[in-house]
Amino acid sequence: MPTEQYTILGAGISGLSASYHLGHDKCKIYEANSYAGGHAYTHKVDSVCWDEGPHISFTKNEYVKKLFEESVGGQYSEFPVNVSNYYFGDYIPHPAQSNLSFLKEPLRTQCYEQMLASGTLNQQDNISSSYLDWLKSSFGEVFTQNLPERYTKKYWTVGSAELAVDWLGERVYRPDLEVVENGYRGIQPEKTHYINKVRYPKAGGFISFLNKIKINANIEYSSTVKSINLEKKQILFSDNRVVSFNKLINTLPLPQFIKMSGAPFNVLEAASNLDCTSLLLVNIVASNRLKKDFHWMYVYDDAMYATRITSMNSLTDDTLSATPEGIQVEIYESNFKPFKKSHSEIANYVKVELQKMNIIDSCLSVHTNYIKNANIIFNHRRRENQDIVLGWLAGYGLDREADDLEPMSKWDHLNQPSLNKKMGNLILAGRFGQWKYFWSDDCILRGLEIGIVGK
């Protein structure tokens, strides 16, 4: 039998945070990789720190801010972000709905007139059955079809009609009349993106923000789970080790966890209907400093693979002068929209695209990194199937939570003197473990919540 009170699957942010807040001495983490951090890990290649997709901290939570600050000894950069959009040769400040003057005519005026006619300018509640309906009632047909619908198909790999609206929150900005008019006339006095100021470690990449919660963590690396017997409370690893557990915290992707746990057919089918994108990162070292000024940029062109572009050097002043210019490009696929070319072929296309966009002259090196689980697709079938999965797990020690089907969690209750919550012998944590739209601060706070309830 294990000596640890908690067994944790996965040493990503959520797993590390849960162990840290419960007490590392009470936990044993099993990690398939040879390193900790999960998607927050930073790979150093060609003298550039490459995160697994763009990672910056823009949390407003003071607890997370302090934890990250202490992890890097106060050595972080803090700066306002410069976010851009590329639309068929035009560079538009983000969000585009607040900066219509950068669009060419007649599209500029067509978008403006429809936005004036749409209800969003009065900021009334927008009750919609799909993201497409939400977009059209918020911004009008012309803007919807020309901009967000194009990007949705690239980023989410499905059309906006296929997406629900429960994931939105404040992620898509709805401007009022004054903002739209200012943007149309080209006199926008301030940025309207929901991310205004961000923090990033001065050295070592985003993973450095996890230094504090990694110290003294009890992690067994290169431990790939083969199967899980929830009834017997045993885990079989790929090297045929069998480990028993008392309480299990899972951060592995929920469909993968279900597939390994001997679930009945209807539950397996429901888990298979939980959809997720995969991400190909094309990491390019350019021969020149970027010819455009941005921290990251969204690319709307349908014919281009590039979906979002991040200037790695711009994230920290530590890399501005001494290292090569690193550019990270994201391209997404899923079962709904699989790649039709190899990763290397796509990378070659991306290099040409960056030159066409006048971002680089040429590149010194390129490598790719494929991330199997990237973004959960919050489509119309997600909630029902997730409910089936969680309902089955409730029979094996999972205490259902009031918000366990919601894409996002609120953390106000963590400030209460007494946290009126309980968790059973099976606990889910993190973006993929809980199947939520979590950012890094959410993952930290989920670990804090587990720690408060578990102590």
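The values are calculated or read from the model by the stated rules, or taken from the named source; none is laboratory data. No experiment lies behind these values; they were computed from the predicted model shown. Counting neighbours? That spans all protein chains shown, and the Cβs are built from the backbone with ideal geometry, glycine included.
Of note:
- Any chance S19 is modelled with pLDDT of 95 or more and either buried (at least 22 other Cβ atoms within 10 Å of the Cβ) or not in a loop (DSSP other than H, G, I, E, B) (or both): yes
- Only one of the listed residues (K66, K26) is among the basic types (K, R) and surrounded by 15 or more Cβ atoms within 10 Å (Cβ to Cβ). That residue is K26.
- Yes/no for L210 being assigned to a strand (DSSP E or B), surrounded by 14 or more Cβ atoms within 10 Å (Cβ to Cβ) and in contact with a Ser or Thr (Cβ under 7 Å, 6 or more places away or on another chain): no
- Applying a threshold of 9 Å to beta carbon distances and a minimum spacing of six or more residues, or different chains, the list of pairs starting in the range 256-274 at a residue that is crowded, with 20+ Cβ neighbours inside 10 Å and ending at one that is charged (D, E, K, R) and modelled with pLDDT of 95 or more reads A270/E384; A270/D387; A271/K259; L274/R381; L274/R382.
- Count of residues meeting criterion [of a type outside the set (A, V, I, L, M) and touching a His at 6+ places or on another chain (Cβ under 8 Å)] in the range 435-448: 2
- Considering the range 291-322, and only residues there that are of a type in the set (A, V, I, L, M, F, W, C) and surrounded by fewer than 18 Cβ atoms within 10 Å (Cβ to Cβ), the residue that is modelled with the lowest pLDDT turns out to be L320.
Quick grid of which residues meet (1) closer than 21 Å to D361 by Cβ; (2) of a type in the set (D, E, K, R); (3) in the same structural domain as G395 (by TED's automatic domain parsing):
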site: G262; (1), (2), (3): no, no, yes
site: L268; (1), (2), (3): no, no, yes
site: L281; (1), (2), (3): no, no, no
site: A286; (1), (2), (3): yes, no, no
site: K291; (1), (2), (3): yes, yes, no
site: F294; (1), (2), (3): yes, no, no
site: Y305; (1), (2), (3): yes, no, no
site: I309; (1), (2), (3): yes, no, no
site: Q328; (1), (2), (3): yes, no, no
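- Yes/no for G12 being touching a residue at least 24 places away in the same chain (Cβ under 8 Å), within 30 Å of S222 (Cβ to Cβ), in contact with a helix residue (DSSP H, G or I) (Cβ under 7 Å, 6 or more places away or on another chain) and assigned by TED's automatic domain parsing to the domain that holds D441: yes
Conditions (1) in contact with a strand residue (DSSP E or B) (Cβ under 7 Å, 6 or more places away or on another chain); (2) buried (at least 17 other Cβ atoms within 10 Å of the Cβ); (3) farther than 30 Å from G451 by Cα; (4) among the hydrophobic types (A, V, I, L, M, F, W, C), marked per residue:
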{"position": "Y35", "(1), (2), (3), (4)": "no, no, no, no"}
{"position": "A40", "(1), (2), (3), (4)": "yes, yes, no, yes"}
{"position": "N82", "(1), (2), (3), (4)": "no, yes, yes, no"}
{"position": "G89", "(1), (2), (3), (4)": "no, no, yes, no"}
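- Check on K154, part of a helix (DSSP H, G or I), among the charged types (D, E, K, R), surrounded by 18 or more Cβ atoms within 10 Å (Cβ to Cβ) and at pLDDT 95 or above: yes
- First in the range 107-118 and touching a residue at least 12 places away in the same chain (Cβ under 8 Å) and surrounded by 17 or more Cβ atoms within 10 Å (Cβ to Cβ), second anywhere and of a type in the set (G, A, S) and not in a helix (DSSP H, G or I), Cβ under 8 Å, 6 or more apart: C111/G140; M115/G140; S118/G140
- Any hit, the range 402-424, residues being part of a loop (DSSP other than H, G, I, E, B), touching a residue at least 60 places away in the same chain (Cβ under 8 Å) and at positive phi: no
- Note on the range 350-376: residues that are closer than 20 Å to Y332 by Cα, touching a residue at least 60 places away in the same chain (Cβ under 8 Å) and not hydroxyl-bearing (S, T, Y) total 13.
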